[in-house]
1. Go through region 262-267 residue by residue and turn each phi into a ³J(HN,Hα) via Karplus (6.51, -1.76, 1.60, θ = phi - 60°); whole Hz please, and just put x for glycine and proline.
2. Put Leu284, Leu313, Leu138 in order of accessible area, largest first, 1.4 Å probe: what do you get?
3. Please compute the modelled spin-label separation between Glu412 and Val219, points set 7 Å along Cα→Cβ, answer in nm with one decimal.
4. So how do 143-152, 383-392 stack up, highest first, on mean other-Cβ count within 10 Å?
5. List the relative contact order of region 363-476 as a percent without decimals, with contacts defined as Cα pairs under 8 Å and 6+ residues apart.
6. For region 204-480, calculate the relative contact order in percent as a whole number, restricting contacts to Cα pairs under 8 Å that are 6 or more residues apart.
7. Can you tell me the length gained on complete extension of the stretch Arg149 to Asn314, counting 0.36 nm per residue apart and subtracting the Cα distance?
8. Can you order the peptides 237-244, 395-402 by their average number of other Cβ atoms within 10 Å per residue, highest first?
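The values are calculated or read from the model by the stated rules, or taken from the named source; none is laboratory data. None of these values were measured; they are calculated from a predicted model. Positions of Cβ are backbone-derived with ideal geometry, glycine not excepted, and every protein chain shown enters the neighbour counts. Note: areas computed on protein heavy atoms with side chains; ligands, DNA, RNA excluded. Shrake-Rupley method; radii C 1.70, N 1.55, O 1.52, S 1.80 Å.
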Amino acid sequence: PLASDLQCCVSHAAKPRDSSNAHRLTTSGSLPLGSNVDSSSGLPIPTPLQLRRISHVRTAMTSFRGPRALLSCLLLLAGAVWVKPPGCHGALDWLPGHALTWHAPASWWPRWLWSPHPPGYDTPRRTLVHPMWPDGSLASPVELELSPRQLDAEPRLVPARSSGARRPPRRGGPGPGAPSSGPDVAYNMSALTPFVPQDKAWMLDADQAARRGEGLDWVVARRLAEYVAASYCNTSNIAAWNCTRCGDPSSEDDESSGPEFELETLAWDAAWDLLGFVGWSNTLQATVIAFRGTDSRSIYNWVTNMRTWRTDLNLTTPGAPANALVHGGFLTSWSGSSLSRSVTRAAAALQRRHGPHPVHATGHSLGGALATICAMELRALHGLHDVRLTTFGSPRVGNAVFAAWLQRVVPEHWRFTHNRDIVPSVAPPYMGFWHLAREVWVLDQAGAATLVGICDATGEDIRCHNSVCHLGLCSSVADHLLYLAEMYTPRPMGC
């Protein structure tokens, strides 16, 4: 039967096209064969999709001839998408149910031949979605610019229109006494051992986690995450420190008097669309510098640019190695905007007011890169001794020489990554960029369980975030939006 099918395929493809029946072709390739029949010959009229496939075979035969034409017919048959052409009665009847109707192509079938998706499937559009926490609860809505294809690839982004009438449960804001959001951290998860893949079993080693995680304070990390989450709120509410993520400004801390957080300055550069704030945290007894990340609606475009755009700039910072390079976009955003002057001036004022104390530089996404450069300059240029860096979903900022030097200048640095977050995979290592250590990889498992891996001191541990990025590139926006808090601006209500 295969031989007869091939003969029918090749012979029909060699026939000249009958243009007289063009006006009678059906508009859909999903109709049963025989829906339109030529009244004179009694043969089925090919649909546009059938005619297109026949055209591919005819083109291959006339252009290449010989084995190439035979290969085209073999592909059409093997792909389980071919319906017998008009005049080939009995062809493909040896495949049950195959000769009467169209069938969906195999997953490997070339898109140029037939796409099961409607037009516009790859066109980005603004969509309101709910990111999903590991326990299945929905976070606040966020507006993203995604194509339907990208949205289909994100199972943890639930379109708002399909989330039903139920109100998504609130995870609690950063205010005092609010329930902490995000995963519950436990180094020793021996009860989950049977459900942990073998290549992730190292994350259950409590002794190794204790050694590598020396100095990591989860209370401080959560609090810093909540400050970063507040940076995504409305600027007027941040300036008054009354946003829904800001906490109660009149709450009293048990160990100190006054409000929990005292805002020193709000640095907002509208021209560059960059925002950060500086203030005094009575909870941490430290200065906090928090930077907002990229607008969530343009994450995919921003990441695409980062994957293809390479501009390395030499550091002029005193003490920096001659071959230490940083991404030009990050350095220019910091030094060219008003953030550099406003932030450093406010940090120096708090040092004079409260005396020597720790300074926490923190940020998410692009804000993580800005926090990295900020911490470097506070330590190397302005002489602040106790500068600590904590980032969430930060991209690579510079090359390996820069990363090694900064780890000596700012020794306390924790870089959080989450599942397959898209942003930490850019800019790619093959373009010369390198991550800082240490990485703290938060990995969600089935059943709302969460593993935490304290990675090695190289900055590019192949068992951590890099292990789930194919060819070094991850693709999840949902994982980028949720860390220890909601790292985005909720839409449409704001915060």
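1. 10, 6, 8, 7, 10, 9
2. Numbers: Leu284 35, Leu313 60, Leu138 5 Å².
Reading off the accessible areas and sorting them downward yields Leu313, Leu284, Leu138.
3. Here the answer is 1.4 nm between the modelled labels.
4. On the way: 143-152: 17.3, 383-392: 22.0.
The packing order, highest mean first, is 383-392, 143-152.
5. Values: 227 pairs, mean separation 26.2, N = 114.
The value is 23 percent.
6. On the way: 549 pairs, mean separation 40.8, N = 277.
This gives 15 percent for region 204-480.
7. Details: separation 165, 0.36 × 165 = 59.40 nm, distance 3.93 nm.
Using 0.36 nm per residue and subtracting the Cα-Cα distance, I get 55.5 nm.
8. Numbers: 237-244: 17.8, 395-402: 24.2.
Listed from highest to lowest mean packing, they are 395-402, 237-244.
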